[in-house]
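The values are calculated or read from the model by the stated rules, or taken from the named source; none is laboratory data. Because the structure is predicted, anything quoted here is derived from the model rather than measured. No Cβ is skipped: glycine too gets one built from the backbone with ideal geometry, and neighbour counts run over all protein chains shown. Areas reflect the complete protein model, heavy atoms only, side chains present, ligands, DNA and RNA absent. Shrake-Rupley method; radii C 1.70, N 1.55, O 1.52, S 1.80 Å.
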Amino acid sequence: MSDATTGPSSEPTRSWSTSPGGEQEDELSRKLEAALFEIKRVIAGQDAMLERVLVGLLAGGHLLIEGVPGLAKTLTIKTTAAVLGGSFGRVQFTPDLVPADLVGTRVYRPDRSEFDTELGPVFCNFLLADEINRAPAKVQSALLEVMQEHQVTIGGHTFPVPNPFLVMATQNPIESEGTYPLPEAQVDRFMLKVLVDYPEHDEELTVVNRSLTTPPELTPILTIEELQGLQERVSTIFVDPSLVSFAVTLADATRNPAAHGAPDVAPYIAFGASPRGPISLVQSARALAVIRGRPYVTERDVNDLVRDAFRHRLVLSYQALAEEVAPDAILDSVLAKVPVPRIDLTKQPAAA
């Protein structure tokens with residue numbers, strides 16, 4: 001995972017703040033690190049996914065997770081909710097699901113001759129939308145609406161979902177029968193798309209050994225109020241203008257690859273990344289900087305997240321689909337042509 005949790009970093013260390021609120025900020029940083037270690041008592045071998053779950057949570061975005069069954073996707077968000085003190089909800093998407101099963105509906109009470117509003121499972125802090133591509137488009141749209149607006153309208157009344165609100169939707173890449181693929185415009189609503197692979201041998205060995213013992217009792221580390229404080233901190237993270245320019249240039253390179261020295265990938269791209277691509281990249285990089293204990297974004301933060309922020313925003317051509325060219329391969333070619341700016345860390349401003 002990050003250097004802040006797995007070992008010493010080559011980056012210079014810097015205290016969060018010298019202001020009177022600095023002690024509180026340092027305490028939040030310590031609690032966030034403690035929360036990571038507490039989650040890792042249960043989750044082994046999926047550090048990248050766990051890091052991005054926290055990135056999405058702190059940046060106020062949502063995640064689309066793609067991976068085969070059994071890779072701890074459900075366990076990760078359930079454990080995160082337990083450690084961060086939030087409420088957890090899970091919806092198994094199926095072809096017979098209707099929007100009311102997700103957001104709620106009005107129920108008539110004959111004894112009182114009036115309607116009551118029954119809120120659906122989306123009213124929680126952490127929602128797992130399992131196999132989102134198994135439900136019809138009208139159900140997917142209902143979920144994506146609440147993701148965007150953070151509220152649900154039922155019977156003329158608007159009900160806000162709790163804050164913070166994180167949706168982690170999963171997809172199974174190995175089975176396509178009976179699925180309803182998300183349209184590109186809806187996929188674009190997700191801040192990051194994370195590909196989850198099998199764990200390494202030693203990591204899987206840890207997973208199997210842990211299954212032989214009683215699961216540990218988790219201790220809540222952060223409160224919802226402290227989590228909201230960390231979200232507010234994300235907006236204070238400094239991003240060098242050259243990194244913002246890099247994110248925008250990279251998005252333009254996916255739309256006009258020939259103009260950026262990558263004409264070989266042009267036949268594979270029907271449409272490049274939307275403006276949400278660089279926005280998501282910069283915002284998620286800020287959140288990653290918070291997780292790694294810095295008040296500024298580095299090139300490494302951006303590089304670590306660029307594929308997650310862009311891969312689902314590329315609309316591939318029929319030629320790419322026929323030749324089985326993956327979005328990550330296209331991004332690798334584009335990244336090789338767009339120079340990453342080098343930031344002088346000694347000149348970054350301290351946090352306010």
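Tabulated values for the structure
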| read-out | value |
| --- | --- |
| Probe 1.4 Å, all protein chains present, accessible-area order of 300, 30, 342, largest first | 342, 30, 300 |
| Calculated P(r) tail over 19 Å for the stretch 81-175, as whole % of Cα pairs | 44 percent |
| Full-stretch length increase - residue 116, residue 37 - with 0.36 nm per residue and alpha-carbon distance subtracted | 24.2 nm |
| Per-pair calculated FRET efficiency, R0 = 35 Å: residue 197 and residue 87 via Cβ, rounded to 0.05 | 0.75 |
| Extension gain (nm, one decimal) between residue 326 and residue 249, 0.36 nm per residue minus Cα-Cα | 25.6 nm |
| Long-range lysine pairs (8 or more apart or interchain), the chain, Cα under 30 Å | 15 |
| Two-site label geometry, residue 100 and residue 174: point separation in nm, points 7 Å out along Cα→Cβ | 3.8 nm |
| Candidate residues 318, 108: accessible-area rank, largest first, probe 1.4 Å | 318, 108 |
| Surface accessible to a 1.4 Å probe, residue 98 within the full protein complex, Å² | 60 Å² |
| Cα-derived Rg over Rh, computed across the chain with Rh taken as Kirkwood radius | 0.98 |
| Most to least accessible of 238, 123 (protein chains only, probe 1.4 Å) | 238, 123 |
| Label zone at residue 212, where the point sits 7 Å out along the Cα-to-Cβ direction: the stretch 45-89 residues whose backbone N lies under 20 Å | 45 |
| Whole-number percent relative contact order across the chain, with pairs defined as alpha carbons under 8 Å at least 6 apart | 23 percent |
| Per residue Cα convex hull volume in Å³ - calculated over the stretch 261-352 | 100 Å³ |
| Within the chain, helix-based [θ] at 222 nm, where runs of 4 or more DSSP H residues each add -39,500 (n - 2.57), nearest 500 | -13000 deg cm²/dmol |
